[in-house]
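Colleague: Structure below; questions to follow.
The values are calculated or read from the model by the stated rules, or taken from the named source; none is laboratory data. What you see is a predicted model; the values in this text were computed from it and never measured. Here the Cβ positions follow ideal geometry from the backbone for every residue, glycine too, while neighbour counts run over all protein chains shown. For accessibility, only protein heavy atoms count, side chains too; no ligands or nucleic acids. Shrake-Rupley method; radii C 1.70, N 1.55, O 1.52, S 1.80 Å.
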Amino acid sequence: MTLMSSGTTQQLELDKVLHQLARRASTHTAAARAQDLDPRDDLGSVLEILEETSQARDLLEKAGNPPLGGITEVHPLLTRAARGGTLDGKELLQIFHVLGGLRRFRDYLDRPEASDLARLRRCAVQISALPVLEQDIDGCLDSEGIVKDTASEELRRLRSEVQRLSATIQTRVKAIATDPRYLPMLQESLVTSRNGRFCVPVKVEFKGEFKGIVHDRSGSGATLFVEPMEVMALNNQLRELLIDEQDEIERILKRLTLAVAGASETIDTGLVAAFQLDLMFAKGKLSLDWDCHEPRLNSEGRFVLLQARHPLLHGKAVPVDVSVGQDFNTLLITGANTGGKTVALKTVGLLTLMARCGLHLPADPKSEVSVGGEVFCDIGDEQNLETDLSTFSAHLVHVIDILQRATTTSLVLLDELGTGTDPEEGAALAMALLSELTDRGARTVATTHHGSLKSFVHLQEKMENAAVEFDSRSLRPTYRIEVGLPGNSQALTIARRLGMPEDFLNKASGFLSTERIAVDQLIDDLEMRRRLLESELGSADLQRERLEAMQEQLESEREALQKREVEQLANLQAEGRRLMLETREEADKVLRALRSAERESAETEKQRQRLRQMEERLSKIGARPECPPPAWDESLEPGQSVRLRASNRAGVLLSLPDSSNEVEVRIGNLKVRIDAGEIEPLKTTPPPVGQGGISKIRLEKALSVTDTIDLHGYHVEEALAALDRFLDDAILGELDRVQIIHGIGTGRLRKAIHEYLTSHPAIEGCSYADPREGGAGTTVARLQP
């Protein structure tokens, strides 16, 4: 349920945000739903749709955009199939694309990255893949929705018969067309097809002499297309075969439609979930594109927007901090013209509506929005000459409506409060309105230039002044909002910056009251002191952060040093134990040899020498110098060529160091894991750039050239020039066959084209097309391999 009026959403420009949301949807259905989103006022509901947006954004960041191609609204087709209607080939092909789209989308949603995204999974489980039905349709229809020969054995047989009989009829008709008896009656000796019947072109003056049925005539009226009497029976037989072929096609389409009808509920359920998910992903894309974050929500009337940006200003938006509903319920923003007061007001309202639509906000993630109650706004000049409403009257109409409907849970936004009438009376009405709204507990943000309102707000509980900051040195607004002090309108200062004469400004200053000048000066002094204090606090914070960073760095270095010392000591002790063990074993062998010796000999002396050497080795174990292992080169990245220090072999780095400080390297076809310090960058010379210009041109032509050119209506010279360019592209595109459509007419253009093709060195041969593909009106040319 929503309590937002269309006027409020339009004044705050929510419709423009929803238009941007719709542009990021992949399906027309989700785009239409995006345009029609309404802000919700139930906290639990808004929390759910915000969580959906967060999970969609999370999956977009991990897995990229979802594959939604082929998913369209086919509910009417499913309904017709379920009610017994038969879908044609193109309609079944649309169902096939939907099935493929749902299957690919489900595979995307089944990725491990989505396993813990509960709200997305809840929709994903409603999408079912139907591979058997998808394969059945694919096996029966081609890419244009035409039933394939292989759809059934009967269809294969019928089409084979049609082809055989067509060839027989063509042979008969061609014999007639070349019979010397008929040549004077014919425009040309060729066979063509009209209304599925094979015909010859008969000159109109011989229509009574040539026996047969007229099926068509040329545009000039000079030629009649006549079916010869001799092949009429064969043409009738062909017609019957074509009817049988169509009946078989209808049977196949009916069978496929019944299969679709049986799965219609499953497909429909999957589509509903897919459209819902598409809208979620559109919200996630908008969040990423606008650098947004999920806001915190409450139902206590707290609005805390930190570093909030108006999303429609894009890079020109200056982040502002605005809050209401914590220490005070009414905030009055004053300050310079063009200083950003109205933008701040709209930012509060628009971001509130965005959050209630489940959209992330272009603001700090600590920002907070209250959900519940209506949002009212009175922004802009709504003077209407047709209804005789002045600016002031138009404002009053809105104010009266607000007073009738505003409650404790309402958010009220009022721009240029008290303007459009006598300043004193306007200020009095504004004071009464702010008092009434504050007493009701509504949260109110207003802007004004009335100086008396600043003083009034300063003396009231639950009300607070704020100012749009103005840089007195550059004489320009900074568009930041400072809560706690009222702002000056800076009208004279802005007029001076825009070039108004100084003597005129001095005269205007003379009309200001002494009290007004003193108050403005006091505000300026307080603002200057506040900035100085903030600057000093900022410097102190920066110094503290630097000291904390230095302390953290020193602590980290100390821990790393201790860790290295412990590791070195452990390595040294392990090496010592190994050497002692080896030496002890060797000493035992020597002692056994000495004990077994019966007398002193050169051998015993040799064993005693070995003992002395072992004693020296043991004495040096404690003083053995440490040789630290080579360090990991931080510049290395996966995919980079490296050299193994120990073997001097080259390889490719596959991974960064793991917890054991080991990396994976591919050497030839072998993958090995070694210590990270045992590799270093391999210095190589990049290979020379190859000559690929011609291949690139051939590739571009192969991707863009068509195999058919239509020269209808061309003069001979124009047609041959166009044909020459077409054949150049076909040769570069490496086509093996092209079609040239020229029509029949008088035959002059066709003759010129045939002569040109016959003399062209790249043409292997040419002939008229099959009658069903244009017959004598189309020439097929075969290119040299």
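Colleague: Which one, GLY315, MET280, LEU253, projects farthest toward the positive side of the charge dipole computed for the range 238-315 from Cβ point charges (K/R +1, D/E -1)?
Modeller: Sorting the options by dipole projection puts first GLY315.
Colleague: Okay, moving on. For the range 1-105, what is the charge dipole size about the Cα centre, in debye to the nearest 20, if Lys and Arg each add +1 at the Cβ and Asp and Glu each add -1 at the Cβ?
Modeller: Charge dipole, the range 1-105, about its Cα centre: 580 debye, nearest 20.
Colleague: While we're on this one: Could you run the Karplus curve 6.51 cos²θ - 1.76 cosθ + 1.60 with θ = phi - 60° over the range 278-292 and give me ³J(HN,Hα) per residue in whole Hz, x for Gly and Pro?
Modeller: Working through the residues one at a time gives 4, 5, 4, 5, 4, 5, x, 5, 4, 4, 5, 5, 9, 6, 9 Hz.
Colleague: If each residue of separation counts as 0.36 nm, what is the full-extension length gain between GLU545 and ALA631 once their alpha-carbon separation is subtracted?
Modeller: Full extension from GLU545 to ALA631 adds 27.8 nm.
Colleague: Shape of the range 1-116 from its Cα gyration tensor (a ≥ b ≥ c, root eigenvalues): rounded if a/c is under 1.5, otherwise prolate when a/b > b/c, or oblate?
Modeller: Cα axes put the range 1-116 in the oblate bin.
Colleague: Could you sort LYS462, LYS683, LYS148, LYS211 by their accessible area in this structure, using a 1.4 Å probe and putting the largest first?
Modeller: LYS683, LYS211, LYS462, LYS148
Colleague: Looking at the square roots a ≥ b ≥ c of the eigenvalues of the Cα gyration tensor of the range 313-367, which shape do they give, rounded for a/c under 1.5, prolate if a/b is larger than b/c, or oblate?
Modeller: The shape class here is oblate.
Colleague: Select from GLY44, PRO67, THR9 the residue farthest towards the positive end of the dipole of the range 1-67; place +1 on Cβ of Lys and Arg, -1 on Cβ of Asp and Glu, and compute about the Cα centre.
Modeller: PRO67
Colleague: Among LYS285/LYS341; LYS62/LYS366; LYS316/LYS346; LYS174/LYS203, which pairs are too far apart, with a Cα-Cα distance over 20 Å?
Modeller: From the list (LYS285/LYS341; LYS62/LYS366; LYS316/LYS346; LYS174/LYS203), the Cα-Cα distance tops 20 Å for LYS285/LYS341; LYS62/LYS366.
Colleague: Order the following by accessible area, largest value first: LYS283, LYS563. Probe radius 1.4 Å; ligands, DNA and RNA are ignored.
Modeller: Ranking LYS283, LYS563 by accessible area, largest first, yields LYS563, LYS283.
Colleague: Find the centroid of the Cα atoms in the range 761-780 and in the range 264-310, then give the distance between the two in whole Å.
Modeller: 58 Å
Colleague: Ok, one more. Excluding ligands and nucleic acids, what accessible area in Å² is computed for CYS123 using a 1.4 Å probe, to the nearest 10?
Modeller: Answer for CYS123: close to 10 Å² accessible.
Colleague: Tell me, what are the semi-axes, in whole angstrom and largest first, of the equivalent ellipsoid of the range 195-347 as set by the roots of 5 times the Cα gyration tensor eigenvalues?
Modeller: Semi-axes from the Cα gyration tensor: 79, 27, 10 Å.
Colleague: For a quick protection proxy, order the peptides 773-780, 247-254 by their average other-Cβ count within 10 Å, most packed first.
Modeller: 773-780, 247-254
Colleague: For the range 710-753, what class follows from the C-alpha gyration tensor (a ≥ b ≥ c being the square roots of its eigenvalues): rounded when a/c is under 1.5, otherwise prolate if a/b is larger than b/c, else oblate?
Modeller: Prolate shape, in that a/c is at least 1.5 and a/b is the bigger ratio.
Colleague: Using Cα centres only, tell me the gap between the range 195-231 and the range 42-109 in whole Å.
Modeller: Spelled out, the Cα-based centre of one part sits 54 Å from the other.
Colleague: Compare the peptides 59-67, 185-193 by average per-residue count of other Cβ atoms within 10 angstrom and give them in order, highest first.
Modeller: Descending packing order for the listed peptides: 185-193, 59-67.
Colleague: Pick out, from SER166, LEU155, GLY145, the residue whose Cα sits farthest towards the positive end of the charge dipole of the range 129-178, with +1 on the Cβ of Lys and Arg and -1 on the Cβ of Asp and Glu.
Modeller: Farthest along the dipole direction, towards plus: SER166.
Colleague: Keeping all protein chains in position, work out how much accessible area SER767 exposes to a 1.4 Å probe, and write it in Å² to the nearest 10.
Modeller: Result for SER767: roughly 50 Å² accessible.
Colleague: Starting from the Cα of VAL162, step 7 Å toward the Cβ, then list every residue of the range 72-95 with an amide N under 15 Å from that point.
Modeller: 89
Colleague: For ARG750, ARG649, give me the order by solvent-accessible area with a 1.4 Å probe, most accessible first, ignoring ligands, DNA and RNA.
Modeller: Greatest to least solvent exposure: ARG649, ARG750.
Colleague: Report the net charge of residues surrounding LEU279, where surrounding means a beta-carbon distance below 12 angstrom and charges are Lys +1, Arg +1, Asp -1, Glu -1.
Modeller: Net local charge, LEU279 excluded: +1.
Colleague: Quick check for you: with a 1.4 Å probe and neighbouring chains kept, what is the accessible area per residue of the range 115-237, in Å²?
Modeller: With the other protein chains kept in place, the range 115-237 gives 53 Å² per residue.
Colleague: For the range 177-326, which whole-number percentage of the solvent-accessible area (1.4 Å probe, protein heavy atoms only) is attributable to carbon and sulfur atoms?
Modeller: The nonpolar share, carbon plus sulfur, comes to 50 percent.
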